[in-house]
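First up is the structure itself, then whatever we jot down about it.
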Protein chains: 2
Amino acid sequence: LVSSDRVIGTDVYGVSDEAIGQIDHLLIEKVSGKIAYAIMNFGGFLGLAHKYYPIPWTALKYDTGWVAIGLALPKANYAMLQSSAMIWWKIATWETRTHQHYGVPPYWGA
Amino acid sequence: LVSSDRVIGTDVYGVSDEAIGQIDHLLIEKVSGKIAYAIMNFGGFLGLAHKYYPIPWTALKYDTGWVAIGLALPKANYAMLQSSAMIWWKIATWETRTHQHYGVPPYWGA
């Protein structure tokens, strides 16, 4: 088991090991207690200050010490991330497409 | 979905609606992303300052606003909680017995 204290605030890295943000908070399915998304704060990276981007929990990869979370995030998608960070909750199909993008099963078990 | 920001810091109430502590952090199953326990801080209640007590996520009950978490925690068990808070991770059967105590299924799907 890992503490939320160790997850929140953890750096997120892109494919070239460059830091692209930090985990700001988690989105939890209330009844099941399953974490749906880790919400990343771009933290000024690429000028995306104070922008949040949801990453499916199952798309996160951990190092052995649970300290760093590495994310295979193609650079070509940064522009997509920028727009998604602003409007993702307004798009009905966003959740399905995002899990397909990362190749991970949806948290809602569909 | 509910944010970890709204869960952490939330008051926990006993059966008589008395505040008994606050959610301090969460323990997460790393691979599945399932929250196993919400860790309550007694916060000085009954002189149990800085004592932590793990509550199975599925044993928590929420009000409609997600702001308060009420826990049906029999007063007779406070002494048990005190000892559990100190040594629970050392007792092999604690997790099984605790989930049985609350009448909730174990997070590990056994």
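Each reported figure results from applying straightforward, stated rules to the coordinates on display, with no laboratory input. Note that the structure is a prediction, hence the values are computed from the model and not measured. Cβ atoms come from the backbone with ideal geometry, glycine included; neighbour counts cover every protein chain shown.
Here are a few things to note about the model shown:
- Less than 5 angstrom separates the built amide H of B:Met40 from those of B:Asp24, B:Tyr53, B:Ile55, all sequence-distant by 5 or more or on a different chain.
- For A:Ile28, distant residues with modelled amide H under 5 Å away: A:Ala36, B:Val2, B:Ser3, B:Ser4
- Phi-derived couplings, Karplus 6.51 cos²θ - 1.76 cosθ + 1.60 at θ = phi - 60°, listed residue by residue for region B:98-104: 5, 5, 5, 4, 8, x, 10 Hz, with x used for Gly and Pro.
- Position B:Lys61, label points 7 Å along Cα→Cβ, spacing to each other copy in nm (shortest first, one decimal): 4.5
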